[in-house]
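Written out below as C-alpha cells is the structure these notes cover.
The values are calculated or read from the model by the stated rules, or taken from the named source; none is laboratory data. Remember, predicted model here, so these are calculated numbers, not experimental data. Cβ placement follows ideal geometry from the backbone for every residue including glycine, while neighbour counts extend to all protein chains displayed.
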Amino acid sequence: MASAQLDYTIEIPDQSCRSQEDSPNQGGKEAGTRQPLVILLGWGGCTDKNLAKYSAIYHKRGCIVIRYTAPWHMVFFSESLGIPSLRVLAQKLLELLFDYEVEKEPLLFHVFSNAGVMLYRHVLELLQTQRRFCHLRVVGTIFDSGPGDSNLLGALRALAAVLGHRPAALRLLLLAAFALVAVLVHGLLAPLTALFHTHFYDRLLNAASRWPELYLYSRADEVVLARDVERMVEARLAHRVLVRSVDFVSSAHVSHLRDYPTYYTSLCVNFMRSCVHG
C-alpha cells in the first residue's frame, strides 16, 4: 500500500458531513452536492502543522483532505538535476485514493510554492499517461505563491529557510552546492539537460489540463516573482483555461492566509464551490 510509504496526513469527516444532498446548509457545511477531496501539496520545509491551517478551510466544510509535503532534498536537488524521484511520490500519492477507496471523488488540488508545483507537475503527467489514473476527476487547482521560473536568489532564500536549524557550516555547504547545481544545469548545461528534462514551469505553461485554476500570489514575494505567476496566468488563459488570479500586494511568500485570513478563506471556498457546481 502507498500509505505505508508516504509521510502524509488524511482527515476524513463524518459521513453526514460528506453528503449534504438533502440536508440544509448549516454549521459551515455545504448543501446540495458532494464535496471534493482536497489534496494539499506543501512548500519546501513546511510542517504538517503549517498545512493543517489550510486543511481546516476544507475539512470543516465536509471535505476529505490529504496533506503531503515532498522531502526538501528531492525538491532542491533531485528535481534540479533532472532526477524524476518526485514522480514516484506522485504515483504513491494518487494510489492513496485507491487505498482509501475514494478514487471516484472529485479532486481539488491546493498547491504551495515551487515545491508543491514540482510534485503537482508529475501528478499531471500521471493523470494523462497512466491508465489507472486517467479516470480520476480533477475539478480545479489552487496555486499559492507559485509557480515561479528559474529565480536562483529566490530559491536560495527558500532553501536557507529550510536549513535554518542546521549548523552554519552545513547550511553554507548545501547552499553553495545548490547554487552550483542550478548554475550548471539551468545555465551552462541547459541545452544538454533540455534533451531529457523539461523544467516544471515550462511544462505547466502548456499543460493539457483544462479544469479551472486560481492563482494566489503577491508582488511582495521575494521567493517567487509576481511576474512569473502573471506570465503563467496569461499562458493558461491563452489555452482557454478558466483562470482567476489575486495579487495580495503586501504579503510575503506563503503568508497570504496569515495576513488575510478571511479574504483568503473566502477565495478558496468560493473557488471550490464554483468548481463543484460549475
Q. Does A158 satisfy the condition of being modelled with pLDDT of 80 or more and more than 25 Å from V246 (Cα to Cα)?
A. no
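Can you find even one residue in region 56-72 that is part of a helix (DSSP H, G or I) and closer than 12 Å to M118 by Cβ? Can you show your working first?
Of the residues in region 56-72, the ones part of a helix (DSSP H, G or I) are 56-59, 72.
Filter again for closer than 12 Å to M118 by Cβ, leaving 72.
Checked region 56-72: at least one residue is part of a helix (DSSP H, G or I) and closer than 12 Å to M118 by Cβ.
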**Q.** Selected residue (criterion: surrounded by the most Cβ atoms within 10 Å (Cβ to Cβ)) from residues of region 125-178 that are in contact with an Asp or Glu (Cβ under 9 Å, 6 or more places away or on another chain) and of a type in the set (V, I, T)
**A.** T141
Q. Only one residue in A238, A252, A226 is hydrophobic (A, V, I, L, M, F, W, C), at pLDDT 95 or above and touching a Lys or Arg at 6+ places or on another chain (Cβ under 6 Å), so which one is that?
A. A226
Q: Output the residues belonging to region 87-99 that are more than 16 Å from T129 (Cα to Cα) and in contact with a helix residue (DSSP H, G or I) (Cβ under 6 Å, 6 or more places away or on another chain).
A: L96, D99
Q: Report the residue count in region 62-94 for those that are surrounded by fewer than 23 Cβ atoms within 10 Å (Cβ to Cβ), touching a strand residue (DSSP E or B) at 6+ places or on another chain (Cβ under 9 Å) and polar (S, T, N, Q).
A: 0
Q. Taking region 200-241, which residues are in a helix (DSSP H, G or I), surrounded by fewer than 17 Cβ atoms within 10 Å (Cβ to Cβ) and among the acidic types (D, E)?
A. D202, E230, E234
Q) Is there a residue in region 50-66 that is under 25 Å from H165 (Cβ atoms) and in contact with a Lys or Arg (Cβ under 6 Å, 6 or more places away or on another chain)? A) yes
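Which of the residues that make up region 98-155 are of a type in the set (D, E, K, R) and over 20 Å from V241 (Cβ atoms)?
As a first pass, look at region 98-155 and keep what is of a type in the set (D, E, K, R): 99, 101, 103-105, 121, 125, 131-132, 137, 144, 149.
Result: D99, E101, E103, K104, E105, R131, R132.
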Q.
Can you tell me which residue is surrounded by the most Cβ atoms within 10 Å (Cβ to Cβ) among those in region 24-42 that are in contact with a Gly (Cβ under 9 Å, 6 or more places away or on another chain) and modelled with pLDDT under 95?
A. Q35
